């Protein structure tokens, strides 16, 4: 197995080097996307399939589409530059030395194992029964360290607000649907399936790999597919319902935390019998917010509409 | 009751802030100063218990001590008299600025007398020093700005010495109260360093030669009432500082204290002689202050050097300082009163000769007290100093009478306030001095010692009246220094071209202009890569460097 | 555990290459890519760290990675929107 | 109400307000102003508890020790919260007047600003390494869109640069957190110091990465490259928040981590390095501020310089230095807020902020001028301002520890600060008006002028009431003495 690991590691490093050194920006982006997929593969091998799912869907998929879209909106040849190789000049040489030393030190540091095992992790696994979900990662995200997740929803929302302020949507591709009907047909076939997978992932998050983030990402992927195939597009107007859905994840989270203070006596503590329903409610609202936010981050517009609708 | 102590500096500060926003006129300032002074008098009479305000600044202690009680009394008389005399200065275009400086100076002055901990004292002292700059340059002419410049340079010099000393103290004992000072010094490795720094820093304010040069420049340049408080009250800040923040009887400071003693005595004579050759009455008075402060330095130096008992010296230091504050304040104010009639002229003559030690005046008592407590040869020297002092004050009277004056009529209450200060100057020492001193002052020997220097001085003055005397420029030592600086500047100009402060800044900026153009270009995104990648490289370097230092 | 873990080398390498790219690239998209490379290295390292628990992976670093990915992607998306806007402003200037 | 509800409210009420504002889609400045008022009251309500017990801890979710997330309000956090709350009130009042007629910008401001306020509160209250990472990102991503409020075309370069450095900084920080977690198995600041094994490479490397990551976020020289353009280009109210609070928050973290969880790892030599960086920042930043031709850039570079003072704690590491550094943060926050708001008023009135072209503007802008002057007093460190108290404490510390070189730095820094403050005053205010050109702008409304002045006066008052605040702050948790 180490051989496969070594191969993966080698490929990852080569792709990373390619991503940095490629003269053409497009090649760099492609290298980055492939690297993301390989990374996801390696995470599966490291007993983190749910993270691999997230990386594949968000880190490689959505980000990849965004990178490619941005590349297309740049003037031709923009961003193509020759990155000096380590031996081409004093500064690259120095930087390479520094980075190499740092990488070696990091490697050594990553191999240092302390005597005692991770205290927090053990505690999390011990208290899993009280968390209302069976899946440890979901338990940490939505219960043990729910505060982090809530703040993270804030990050997502603010990145979205910032993006919308810029008013620079991705360029729309008008030719693609006209050229061939195949993608549209495929999309029609696959879309219900994708939606179903997404919802299942959210639901399954409580018991097995999956969860609000992965499910949300897949739902967002479905949305991206719809847009790419010309069924929907970004809209310059938004409505309060959409905004409420966007803010909904954080809002439900906050309100559940605040309103239950009198009942449980602590913030973000849920009453014994209601843990699982509350978890599910939070998961779905989070997933919806995440999906919509990622989709709007992709289109760069405040609203969405069906193609051709005004 | 003790809260009164807090009100005294607080009230003028509030007034000053009101003045800053232009919300206060001449009357507001007058009423405010009166009120503050009334409070101060109340405090002097009631002598309230010390007040500790741990929440204020770094923990403030306010209290009266033997010296500050007398000086606060003098301040409570002199500030209103000077404020009334300032009258018109509070009005008009520059009135706001003057009012602000005036009130802040007053707040600093009164606060300094009351504060018994290092931080508050320094704060008040600094406020007083820097606000007074506004008073010195108020007339805004070339002379005023020159005087202001010299004042500022010396003040900053003094303040930096002080700060250095204060930080040494603070490092040892945080923000020590006055009562903890001996302990703090005892715990220090090098008490003489901190002690000398503080001694020198306060010496600037006291006008100890050769740090006195700001006095003869600032006094004639400032408006008359400002000179009165400057000479009467502000210079005493140095005295208070010496006595509060230097340990008495500390052997480590003996050398420094002896040096101070010598400088004080030298100043007492030299300043009087230089002053006798001056042209303008206010300059003469300024030198008189330098001379008198030199005399006052003597007992302080004796105490600090451990050559005299603190208990015996402190009352007479207070007596001398209080008398000088009132008399000098009154004399400065009298510059406006000389042409107001014979009675006033007589009063002025008495006040002037009082400082020299005319029999039956407070000045005689003050000097007698000083002589009674010192060992030979100091009494003789003090008696001799009466000669030079008399010469100086005769010169003052002569120049004052020669001065054409403005001849404007002053309102009655201004005169009344001035008269009150004058009367207090004459009477105060009689109240404060103890019976043995009074006995000596009234005895035959005492009277003889008082009269002969005066007569001698009068004779010399009459003899020299018709002679052409050499003149010494105001601010004596400043003139050669300025001259030297001018020469150096001229030399530099010849070698590297004209230097003018404004131009210098332009050139400093221009010298980096090419780089600036580069930076402007860099400000465009396309070019900023350079600066940013340097920062990025620094990230790697910093991680490695920190790691190196952490392991 | 003995010997060198190849994926730990990869994690450290990704961080090193990310920093290298950030130092030498000029274009904003490339810098964003470099930052994400660095981020991926950190995430990989966290997942490796999670494997130290005897019974099953440690969920805490996993949760950190998930949070980290979402944050990194949203910030990068915002950065890309900034780049597009910048290009548009440039374009307007040039015409 | 139990005291530990207060920290929770401090984080979540602003979030709630921001979210509601986002959904409402119509600017509601009143809501924002009520919020900052409530925020201030909540902080004030925290004071007695912290003064009595030293710290208030809120356990989120009620889980047990190594796992749970706690909010911690101790003296240090409380002072920063207080600073934030005071500035929030002034800035909100200012913003209400500044964006009165602009629907779009007002909406964005009143959405982002409560979120930023909540994020800052969350950052100051945090007691968890990863939590700090998230709040740092939250603060950054709320701050950058605010910079864009100046008009995206103008500040997009600055915003992008800011984002790149901030993103890299936080990922470097996260790498450090990962290494420390691997060693200690916990993220809780209170447990970390004991859980860390002695002198491992991983521990030291983790600490270095964390420190460098925060240094980038705090714009400490040489990582300041993103700051001047962003702070100088943003609208006045936003610049005030950024300079006074956002970068300060990162510097605060450094103080907290250094004296807490990193205490077993740090060495005096590393302290000297950070101190040297601080000194460099002071000298270089002040010099740059002196050279600038635009008022807001002067103020922005002044921030680069002033942040350096907070780093002088690390080499000296005694109580006086601790108090001085924190106090400097407070005083600088208030004074810088006032400076930026005042500069904004001048910009509004003149339509530009070029120093050489602003003469004789003192009459219509008297109140803003007063604010600028008073804040300048604190920046220069003249008595009796808060800046003076801070420098006093730092100087005392440098004498106490016998590290005279910091004394020189402090004095030089004060002189340079005086140089650039007086240069502005001389160029802009003290010269008489000569052929006054047509002024396109308007006289700032009283609310805008007075909010700046109130901040400046507070910066002075801070010097007068230092003793109780310093007592509240106490000494560094793990530091010497």
Exercise for the section: Provide, in order from the shortest bin, the percent of all Cα-Cα pairs of the range A:130-310 in each 5 Å bin, continuing until the bin that contains the maximum pair distance. Expected result: 1, 8, 15, 18, 17, 14, 11, 7, 4, 2, 1, 0, 0
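In square nanometres, what is one fourth of the surface area of the convex hull spanned by the alpha carbons of the range A:215-258?
Working: hull surface 16.0 nm².
Mean shadow area of the hull around the Cα atoms is 4.0 nm².
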Handout entry: Spacing of the two label points (7 Å from each Cα toward its C-beta) at residue B:491 and residue D:475, in nm
Key = 5.4 nm
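Would you mind getting me the FRET efficiency between residue A:240 and residue A:190? Use the beta-carbon distance for r and R0 = 41 Å, nearest 0.05. All intermediate terms of the calculation are to be shown ahead of the outcome.
Numbers: r = 32 Å, r/R0 = 0.77.
After rounding, the FRET efficiency stands at 0.85.
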Practice task
Using only Cα atoms, find the angle between the long axis of helix C:28-50 and the longest principal axis of chain C, and express it within 0 to 90 degrees, rounded to the nearest 10.
Solution key: 10 degrees
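State the percent of C-alpha pairs, over all pairs in the protein assembly as shown, separated by a distance greater than 47 angstrom. List each step's numbers first, then the result.
On the way: 457493 of 1031766 pairs.
In whole percent, the share of Cα-Cα pairs in the protein assembly as shown beyond 47 Å is 44.
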Exercise for the section: Sticking with the crude label model, points 7 Å out along Cα→Cβ, report the distance from residue D:45 to residue B:468 in nm, one decimal please. Expected result: 8.8 nm
Exercise for the section: Any chance you could get the radius of gyration and Dmax over the Cα atoms of the range B:26-83, in Å? Expected result: 13.2, 36
Completion exercise
Ranked from fewest to most other Cβ atoms within 10 Å of their own Cβ, B:395, D:30 fall in the order D:30, B:395
Handout entry: For chain D, calculated [θ]222 nm from helices alone, where every DSSP H run of n ≥ 4 adds -39500 (n - 2.57)
Key = -24500 deg cm²/dmol
Handout entry: Fewest-first sequence of A:55, B:159 by Cβ atoms within 10 Å of each Cβ
Key = B:159, A:55
Exercise for the section: Using only Cα atoms, tell me the angle between helix C:6-24 and the longest principal axis of chain C; keep it within 0 to 90° and round to the nearest 10. Expected result: 20 degrees
Completion exercise
Quotient of Cα radius of gyration and Kirkwood radius for chain D, i.e. Rg/Rh, equals 0.95
Exercise for the section: Over the alpha-carbon set of chain B, work out the extent along each principal axis and list the three values in angstrom, largest first. Expected result: 93, 52, 47
Completion exercise
Assertion target for A:87, B:102, A:43, B:338, ordered by fewest C-beta neighbours within 10 angstrom first, is A:87, B:338, A:43, B:102
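Over all directions, what mean area does the Cα convex hull of the range B:250-329 project, stated in square nanometres? Walk me through the intermediate numbers first.
Values: hull surface 20.9 nm².
Result: a mean projected hull area of 5.2 nm².
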Problem - 10 °C / 1.306 mPa s Stokes-Einstein diffusion coefficient of the range C:6-94, Kirkwood radius on C-alpha pairs, µm²/s - result: 109 µm²/s
Practice task
Starting from the Cα of residue B:545, move 7 Å in the Cα-to-Cβ direction to define the label point; list residues of the range D:202-222 whose amide nitrogen is under 14 Å from there.
Solution key: D:212-213, D:215-216, D:220-222
Completion exercise
Inter-part gap, Cα centre of the range D:265-308 to Cα centre of the range B:242-309, in whole angstrom, is 45 Å
Problem - Rounded D (µm²/s) - the range D:158-207, Kirkwood Rh over Cα pairs, Stokes-Einstein at 10 °C, 1.306 mPa s - result: 134 µm²/s
Fill in the blank from the handout: Here the gain from full extension of residue B:140 to residue B:481, 0.36 nm per residue of separation minus their alpha-carbon distance, amounts to 120.5 nm
Exercise for the section: Report, to the nearest 10°, how far helix B:362-373 tilts away from the longest principal axis of the Cα atoms in chain B, using its own Cα long axis and a range of 0 to 90°. Expected result: 80 degrees
Fill in the blank from the handout: Relative to the compact-globule estimate 2.2 N^0.38 Å (N residues), the Cα gyration radius of the range D:1-158 stands at a ratio of 1.08
Exercise for the section: Starting from the Cα of residue D:356, step 7 Å along the direction of its Cβ; do the same at residue D:57; then give the gap between the two resulting points in nm. Expected result: 6.0 nm
Completion exercise
chain A: Kirkwood hydrodynamic radius (Cα pairs, Å) comes out at 22.0 Å
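Provide the packing ranking of A:137-146, D:77-86, C:64-73, i.e. peptides ordered by the mean count of other C-beta atoms within 10 Å per residue, highest first. Walk me through the numbers before you get to the answer.
Numbers: A:137-146: 27.7, D:77-86: 24.3, C:64-73: 26.1.
Put in order of decreasing packing, that is A:137-146, C:64-73, D:77-86.
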Handout entry: Euclidean distance of C-alpha centroids, the range C:3-70 and the range A:220-288, integer Å
Key = 29 Å
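Using the Kirkwood formula over every pair of different C-alpha atoms, what hydrodynamic radius in Å results for the range B:1-143?
One over the average 1/r among Cα pairs gives 15.2 Å for the range B:1-143.
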Handout entry: the range D:182-238: translational diffusion in µm²/s, Stokes-Einstein, Kirkwood Rh over Cα pairs, 25 °C, 0.890 mPa s
Key = 177 µm²/s
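Kindly identify the range A:5-79 as rounded, prolate or oblate by the Cα gyration tensor criterion: order the square roots of the eigenvalues as a ≥ b ≥ c, call it rounded if a/c is under 1.5, otherwise compare a/b with b/c, prolate if a/b is larger, else oblate. Don't skip to the end; give the middle numbers.
On the way: a/c = 5.33, a/b = 1.59, b/c = 3.35.
It comes out oblate by the Cα gyration axes.
No value in this document is a laboratory result; all are computed from the given coordinates. Small disclaimer: the values here were computed from a predicted structure and weren't measured. Every residue, glycine as well, gets a Cβ built from its backbone with ideal geometry; the counts of neighbours run over all protein chains shown.
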